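Input: a single structure, listed below in structure tokens.
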Amino acid sequence: MTSTQGTDRPDRLSVEEHTANGIRVVTLGGEIDHDVTDALRGIVLPAEGQDPPRTVLDLSAVTFMDSSGINVLVSAHQAADDANGWLRIACAQGPVLRVIQLVGLDAVIACRPTVEQALDS
């Protein structure tokens, strides 16, 4: 499934979803900034009744992420944790990985170099 949900400039955020071993894998691409936070929130927050929410976010195609994206990921992590699930980040590259490390998000949300490792850990 591919979508560009709710953004003023849909070319800025792409979304693909699939399930692997009962775990939701969401592949994001483009830029994650203030303009796409509402769409991102709708994508990464656990769905009502998802029991337990287990999600891997593949950030391999994300080229930019600012603090508004970090805030959404923290909220999604907390919501998943509250529902006895989890959120993991996979494949963050270059500047996006640097932001994640600078703010210490990798100490809060498990970050793995590959989707396969995120699924297995």
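The values are calculated or read from the model by the stated rules, or taken from the named source; none is laboratory data. What you see is a predicted model, and the numbers here were worked out from it, not measured in a lab. Cβ placement follows ideal geometry from the backbone for every residue including glycine, while neighbour counts extend to all protein chains displayed.
Among the numbered criteria (1) in a strand (DSSP E or B); (2) within 22 Å of Leu102 (Cβ to Cβ); (3) of a type in the set (Gly, Ala, Ser), which single criterion is violated by Ser14?
Every listed condition holds for Ser14 apart from (2).
Within the set of pairs 6 or more residues apart or between chains, which connect a residue that is at pLDDT 50 or above inside the range 1-22 to a residue that is in a loop (DSSP other than H, G, I, E, B) and loosely packed, with under 10 Cβ neighbours inside 10 Å with Cβ atoms less than 7 Å apart?
Correct list of pairs: Glu16/Met1; Glu17/Met1.
So which pairs qualify, if the first residue must be in the range 39-55 and small (Gly, Ala, Ser), the second must be surrounded by fewer than 21 Cβ atoms within 10 Å (Cβ to Cβ), the Cβ gap must be under 6 Å, and the two must be at least 6 apart or on different chains?
Partner pairs satisfying both residue conditions: Ala39/Gln5; Ala39/Gly6; Ala39/Thr7.
Looking only at the range 46-105, count every residue that is touching a Gly at 6+ places or on another chain (Cβ under 7 Å), more than 21 Å from Asp120 (Cα to Cα) and surrounded by 19 or more Cβ atoms within 10 Å (Cβ to Cβ) and tell me the total.
Final tally of qualifying residues: 1.
Where the second residue is charged (D, E, K, R) and outside any helix (DSSP H, G or I) and the first is without any contact (Cβ under 8 Å) to a residue 60 or more places away in the chain and farther than 12 Å from Leu59 by Cβ and lies in the range 97-115, which pairs have Cβ atoms under 8 Å and are six or more apart or on separate chains?
Listed by first residue and then by second, the contacts come to Ala110/Arg88.
Looking at the structure I just gave you, is Arg54 farther than 24 Å from Arg12 by Cβ and of a type in the set (Lys, Arg)? Before you say what the answer is, go through the steps one by one.
On the way: farther than 24 Å from Arg12 by Cβ: yes; of a type in the set (Lys, Arg): yes.
Yes: the conditions hold for Arg54.
Name every residue in the range 82-104 that is within 19 Å of Pro46 (Cα to Cα), in contact with a Cys (Cβ under 8 Å, 6 or more places away or on another chain) and aliphatic (A, V, I, L, M), in order of residue number. Talk me through it step by step, then tell me what you get.
Narrowing the range 82-104 to residues within 19 Å of Pro46 (Cα to Cα): 82-90.
From what's left, in contact with a Cys (Cβ under 8 Å, 6 or more places away or on another chain): 88-90.
Ile89, Ala90 - these are the residues of the range 82-104 that are within 19 Å of Pro46 (Cα to Cα), in contact with a Cys (Cβ under 8 Å, 6 or more places away or on another chain) and aliphatic (A, V, I, L, M).
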